[in-house]
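For reference, the structure discussed in these notes is given below.
The values are calculated or read from the model by the stated rules, or taken from the named source; none is laboratory data. Keep in mind that what you see is a predicted model, and the values were worked out from it rather than measured. Here Cβ is always computed from backbone atoms with ideal geometry, including for glycine, and neighbour counts include all displayed protein chains.
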Amino acid sequence: MKKDVNKINTAYREKAQATNTLSGIAVKEIYTPEDTKDIHYDRDIADSGQYPFTRGIYPDMFRGRYWTRREVCGFGTPAHTNERLLQQIEEGVGGLNVIVDMPTRFGVDVQHPLAEGEVGAAGVPLTSLKDMEDLTKGIPISDVSFSLISSSCIAPIVLSQYIITCQSAGIDISKIRGTIQNDTLSTRFCGMGEATPPDLALKISADVIEFCTKNMPLWNPINVNMYDLRETGISATQELAFGFANAIAYIEEVLERGLDIDNFAPRFAFYCSAHIDFFEEIAKLRAARRMWARIMRERFKAKNPKSLKFRFGIHTAGCSLVAHQPLNNIVRVAFEALSAVLAGVQSLHCCSYDEPIALPHESTQRIALRTQQIIAYETGAANTADPLAGSYYIETLTNRIEEEALKIMEKIDEMGGALAAIKKKWIDREIEKEAVKYQEAIENNERIVVGINEFIEPPEEETRAKRHKYSYEAEKVHIDNVNRLRRERDHKRVQESIQNLRKEALKGKKHNLIPSIIEAVRAYSTTDEIIGTIRECFGYSYDPFEMEKSPF
């Protein structure tokens with residue numbers, strides 16, 4: 001009994017101990033008008049829809065239209081993913097998000113020695129045009145916003161597959177809406193390593209931006225992937241600084257090709273994280289809008305107001321979720337999603353509570369979607385633009401995050417930009433330092449994670465839920481389908497398209513390869529055959545793992 005009394009007394013007297021945000025920004029006990037005395041409303045905040053867009057990029061925000069509700073999908077064969085996408089449409093998603101599997105991402109053959117157990121495991125395999133045809137079967141692609149989550153050097157191949165699929169359906173590609181992620185530089189820090197050479201990566205992203213600007217004016221040719229960077233363990237300020245540094249590198253590369261900033265900047269999009277520190281994430285996204293507007297106006301002299309608008313999608317932070325007491329993740333995701341909505345998100349994906357354990361099951365994805373729908377229809381969070389504006393704390397924190405992010409960006413500029421910082425491995429070292437610091441804070445109980453270092457329930461009871469299981473049978477089916485494709489396709493046409501691609505690639509870094517990639521995709525050349533050929537033309541091995549040789 002005495003033990004229980006001590007426990008309840010301890011719980012009763014507990015108080016907030018953290019004096020810093022998750023990113024290490026010091027937090028005062030109370031904020032007053034003194035903290036915001038130097039903020040000028042018209043200059044630093046302004047109404048939503050007005051420069052510098054701190055409060056939102058549209059005057060009416062969600063009264064004009066809710067954010068697009070998405071759930072990332074990709075597993076098994078393209079046919080399996082197609083079934084899930086059709087089910088998502090029935091459940092009420094507003095757009096489709098498809099992520100590719102690891103062999104596709106690396107651009108290796110499905111029968112590559114390292115691909116075993118990875119085909120369709122954490123994404124959908126898009127090995128050829130046939131896979132895109134199967135993936136989109138029965139989906140009204142002329143009416144749906146399709147987001148293709150493909151950031152590595154194979155991004156233009158996936159885009160080409162989608163372009164041809166639309167054209168085959170009689171759709172004018174100048175009318176289609178959607179996004180290709182195409183942030184090749186970020187993938188280097190997110191599992192791709194040397195498989196994404198920075199020089200080649202920058203060239204490929206620029207090719208996609210240039211082609212889409214000239215031929216697909218409604219399409220977002222890049223979605224700068226701050227989210228995956230944040231998942232490595234970095235801070236909110238680093239997320240903005242590293243992401244914007246990459247975006248600047250792409251812009252400078254495209255400008256060198258003679259395009260005007262206002263021709264392509266309006267279609268830039270960003271993919272950000274909404275982490276667990278509620279107020280910091282709101283302030284971060286408000287700061288991001290202001291920073292981007294100023295970067296575009298002051299650094300790049302953009303004149304079109306659309307070029308100044310920071311358009312962003314949110315993925316709630318997968319790295320904040322834990323396998324212990326997994327139902328608690330529903331609560332974490334709800335708060336993260338709410339912070340995104342209060343910050344004025346354009347597109348939102350909510351993680352499923354079972355993601356630390358397995359790929360989301362359709363039942364857990366339904367809960368994630370319902371989380372968005374409850375926020376939209378029940379909470380009142382979408383009733384007015386930027387409801388936390390004017391808060392002494394929020395405005396002060398917004399300023400601090402902007403200041404700290406700009407300091408990091410200045411260091412990157414001093415090194416010569418993102419490409420130089422990547423080659424010097426400075427960003428790698430910063431990521432490692434921050435990830436170690438975060439882990440040490442948990443291990444030292446300086447930061448509490450419920451179920452990990454406090455409020456532990458050993459031994460944990462089994463959480464009853466359906467779990468997605470990897471299908472080796474699906475892997476076999478896909479490999480068989482690829483082998484059949486290679487036997488039955490027009491071999492002469494494949495050879496000619498690859499020879500033409502090689503000839504075009506040898507014309508240099510500024511020569512756009514998308515038309516020749518489209519030709520190779522249309523011939524049913526496979527993803528590994530196309531990207532392997534391009535890699536060889538730029539002095540790299542056909543296989544990023546140097547285990548396979550070119551069949552041509």
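Only one of the listed residues (GLU253, GLU194, GLU210, GLU239) is among the acidic types (Asp, Glu), in a helix (DSSP H, G or I) and under 15 Å from the mean Cα position of the chain (by Cα). That residue is GLU239. Starting from the range 410-426, take each residue that is in contact (Cβ under 8 Å) with a residue 12 or more places away in the chain and on the phi > 0 side of the Ramachandran plot and list its partners that are assigned to a helix (DSSP H, G or I) and buried (at least 17 other Cβ atoms within 10 Å of the Cβ), counting only C-beta distances under 9 angstrom and pairs at least six apart or across chains. Short answer, once both residue conditions are applied: GLY417/ALA245; GLY417/ILE248; GLY417/ALA249. Scanning the range 427-455 for residues that are in contact (Cβ under 8 Å) with a residue 24 or more places away in the chain, of a type outside the set (A, V, I, L, M) and closer than 15 Å to ILE408 by Cα yields ASP428, GLU430, GLU434.
I'd like the full set of residues that are part of a helix (DSSP H, G or I), over 14 Å from the mean Cα position of the chain (by Cα) and not polar (S, T, N, Q), limited to the range 215-236. Don't jump to the end; show me each part of the working.
To start, the set of residues in the range 215-236 that are part of a helix (DSSP H, G or I) comprises 215, 226-231, 236.
Then keep just the ones that are over 14 Å from the mean Cα position of the chain (by Cα); that gives 215, 236.
Answer for the range 215-236, where residues must be part of a helix (DSSP H, G or I), over 14 Å from the mean Cα position of the chain (by Cα) and not polar (S, T, N, Q): just ALA236.
State whether the residues of the range 497-513 include one that is of a type in the set (Val, Ile, Thr), outside any helix (DSSP H, G or I) and surrounded by 15 or more Cβ atoms within 10 Å (Cβ to Cβ). There is no residue in the range 497-513 that is of a type in the set (Val, Ile, Thr), outside any helix (DSSP H, G or I) and surrounded by 15 or more Cβ atoms within 10 Å (Cβ to Cβ).
In the range 325-354, what residues are of a type in the set (Asp, Glu) and assigned to a helix (DSSP H, G or I)? First the steps, then the outcome.
Here is the first cut: in the range 325-354, the ones of a type in the set (Asp, Glu) are 336, 354.
Matches in the range 325-354: GLU336 only.
Let's see how each residue does on (1) buried (at least 22 other Cβ atoms within 10 Å of the Cβ); (2) aliphatic (A, V, I, L, M); (3) in contact with a Ser or Thr (Cβ under 7 Å, 6 or more places away or on another chain):
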site	(1), (2), (3)
GLU298	no, no, no
PHE312	yes, no, no
CYS319	no, no, no
HIS324	no, no, no
ARG332	no, no, yes
GLU336	yes, no, yes
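Could you go through the range 80-95 and let me know if any residue there is crowded, with 21+ Cβ neighbours inside 10 Å, among the β-branched types (Val, Ile, Thr) and not in a helix (DSSP H, G or I). So far as the range 80-95 goes, yes, one or more of its residues are crowded, with 21+ Cβ neighbours inside 10 Å, among the β-branched types (Val, Ile, Thr) and not in a helix (DSSP H, G or I). What's the number of the only condition in (1) in a loop (DSSP other than H, G, I, E, B); (2) surrounded by 23 or more Cβ atoms within 10 Å (Cβ to Cβ); (3) not β-branched (Val, Ile, Thr) that TRP292 fails to meet? TRP292 satisfies every listed condition except (1). When THR68, THR54 are checked against the criterion of being over 30 Å from GLU298 (Cα atoms), among the polar types (S, T, N, Q) and buried (at least 16 other Cβ atoms within 10 Å of the Cβ), THR68 stands alone in meeting it.
Taking each residue of the range 153-181 that is in a loop (DSSP other than H, G, I, E, B) and of a type in the set (Gly, Ala, Ser) and looking for partners that are modelled with pLDDT under 95 and surrounded by fewer than 21 Cβ atoms within 10 Å (Cβ to Cβ) with beta-carbon atoms closer than 8 Å, six or more apart or interchain, yields ALA169/ILE141; ALA169/SER142. For the range 506-525, the set of residues classified as within 20 Å of GLY258 (Cα to Cα), under 28 Å from the mean Cα position of the chain (by Cα) and not basic (Lys, Arg) consists of HIS511, ASN512, LEU513, ILE514, PRO515, listed by residue number.
In this structure, does PRO33 turn out to be buried (at least 21 other Cβ atoms within 10 Å of the Cβ) and either farther than 30 Å from MET296 by Cα or among the aromatic types (Phe, Trp, Tyr) (or both)?
Details: buried (at least 21 other Cβ atoms within 10 Å of the Cβ): no; either farther than 30 Å from MET296 by Cα or among the aromatic types (Phe, Trp, Tyr) (or both): yes.
The answer is no for PRO33.
The criterion of at least 3 residues that are closer than 30 Å to HIS324 by Cα is met by the following helices (runs of 4 or more DSSP H) wholly inside the range 376-465: 426-443.
Restricted to the range 42-79, and to residues there that are β-branched (Val, Ile, Thr) and either modelled with pLDDT under 95 or outside any loop (DSSP other than H, G, I, E, B) (or both), the residue that is farthest from ALA343 (Cα to Cα) is VAL72.
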